[in-house]
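K.L.:
I'd like to ask some things about the structure below.
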Amino acid sequence: MKLHFTKMHGIGNDYIYFNCFETEIENPEELAIRLSDRHFSVGGDGIVLILPPDEPEKADAKMRMFNADGSEGNMCGNAIRCVGKFLFDHGLVSKTTILVETKSGTKRLTLSVENGEVAAVRVNMGKAELAPEKIPVTLTGDKIVGFETTVGGEVHKITCVSMGNPHNVIFTDDPYGLDLEKIGPGFENDPLFPERVNTEFVRLTGKNELTMRVWERGSGETWACGTGACAAAVAACENGLCEKGADILVKLRGGDLTICYTDDAVYMTGPAAYAFCGEVEV
Ligand SMILES: N[C@H](CCC[C@H](N)C(=O)O)C(=O)O
């Protein structure tokens, strides 16, 4: 059977999208592993299913995302912006404020339209969660902020944040000097994190400006991570490096996101783009 797909990316964090208003995808875990291969298949950081909402009276659509290793992520910041763009551009929604169900709750998206297409999306990502048991991380306390411990085989000061998915934020002088292919798996699979973890390596590069790289759970180094940029901004504020309530510019390998951390919610604003369409035999 042939399956139509749309390849999209959020500042270089690229996924293979399926319109499941039209198509049913069986065994998405296996499909994510097969199609993410950048040498023998389409290539990407994983796949994203754009589905009808479970509760049509409360939401416009539902998103499910699967990492390149087939594991399902609870939330994906770069992907949800692309989902918003896909829904509007393909006429599946006609509003510019929409609600998308995810495994970490329903998110509100505000779509910026230029020349009839979505150019940028602002997402209410919900509250940042700092309680260790909610990350989860096997440490105790109200929150883990600048806590010195051994992770990935080395001593680091870590700050743990959940944006519906687990993040471990480490501030470092030279993110681009790190050999992530070598050290990344040790962080991702450290026993401190029972569900594994996404790790952000972050440098303060200006007033309310961060530069970061990310080793993602289930996908390795990606060129951007929306939930990771949110976690980095939250961690920077919690460590007194950036201002809560201010717009924080987060510079990633694939581009920039603007994050605002408040007690009520974390807001992420950034672009979404098409790459190409195609068909795969399944
Ligand atoms: N690897 C993540 C999911 C993708 C998150 C990232 N690509 C984003 O844009 O938020 C996880 O397993 O929690």
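The values are calculated or read from the model by the stated rules, or taken from the named source; none is laboratory data. It should be emphasised that the depicted structure is a prediction, and the values quoted were computed from it without experimental measurement. As a convention, Cβ positions derive from the backbone with ideal geometry for all residues, glycine included, and neighbour counts pool all protein chains shown. Keep in mind that these areas ignore ligands, DNA and RNA; they rest on the heavy atoms of the full protein, side chains included. Shrake-Rupley method; radii C 1.70, N 1.55, O 1.52, S 1.80 Å.
K.L.:
Do you know which residues across the stretch 29-62 are more than 16 Å from K7 (Cβ to Cβ) and charged (D, E, K, R)?
P.N.:
Once the filter is applied, which keeps residues that are more than 16 Å from K7 (Cβ to Cβ) and charged (D, E, K, R), the stretch 29-62 yields E29, E30, D54, E55, E57, K58, D60, K62.
K.L.:
From the list Y274, Y261, which one is more than 10 Å from the ligand (Cβ to nearest atom), open to solvent by 40 Å² or more (accessible area, probe 1.4 Å) and of a type outside the set (V, I, T)?
P.N.:
Only one candidate passes the filter, namely Y274.
K.L.:
Next question, about the same structure. Mind counting the residues in the stretch 222-253 that are assigned to a strand (DSSP E or B) and either open to solvent by 40 Å² or more (accessible area, probe 1.4 Å) or within 11 Å of the ligand (Cβ to nearest atom) (or both)?
P.N.:
Number satisfying all stated conditions: 5.
K.L.:
Let me ask something else about it. Checking R203 against (1) touching a helix residue (DSSP H, G or I) at 6+ places or on another chain (Cβ under 8 Å); (2) open to solvent by 20 Å² or more (accessible area, probe 1.4 Å); (3) within 16 Å of the ligand (Cβ to nearest atom); (4) charged (D, E, K, R), which single condition isn't satisfied?
P.N.:
(3)
Every residue, every condition in (1) touching a residue at least 24 places away in the same chain (Cβ under 8 Å); (2) open to solvent by 10 Å² or more (accessible area, probe 1.4 Å); (3) acidic (D, E), yes or no:
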residue: H90; (1), (2), (3): yes, yes, no
residue: I98; (1), (2), (3): yes, no, no
residue: A128; (1), (2), (3): yes, yes, no
residue: E133; (1), (2), (3): no, yes, yes
residue: T138; (1), (2), (3): yes, yes, no
residue: G152; (1), (2), (3): yes, yes, no
residue: V155; (1), (2), (3): no, yes, no
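K.L.:
Inside the stretch 31-74, can you point out the residues that are open to solvent by 60 Å² or more (accessible area, probe 1.4 Å) and among the aromatic types (F, W, Y)?
P.N.:
Once the filter is applied, which keeps residues that are open to solvent by 60 Å² or more (accessible area, probe 1.4 Å) and among the aromatic types (F, W, Y), the stretch 31-74 yields only F40.
K.L.:
Checking the structure you have, find out if any residue of the stretch 53-65 is touching a Gly at 6+ places or on another chain (Cβ under 7 Å) and either at pLDDT 95 or above or among the β-branched types (V, I, T) (or both).
P.N.:
For the stretch 53-65, residues touching a Gly at 6+ places or on another chain (Cβ under 7 Å) and either at pLDDT 95 or above or among the β-branched types (V, I, T) (or both): present.
K.L.:
Looking at (1) under 19 Å from the mean Cα position of the chain (by Cα); (2) in the same structural domain as I16 (by TED's automatic domain parsing), which is the one condition that is false for P136?
P.N.:
Among (1) under 19 Å from the mean Cα position of the chain (by Cα); (2) in the same structural domain as I16 (by TED's automatic domain parsing), P136 violates only (2).
K.L.:
Okay, moving on. Which residue, of N208, N189, is away from the ligand (no atom under 11 Å from the Cβ) and in contact (Cβ under 8 Å) with a residue 24 or more places away in the chain?
P.N.:
Only one candidate passes the filter, namely N208.
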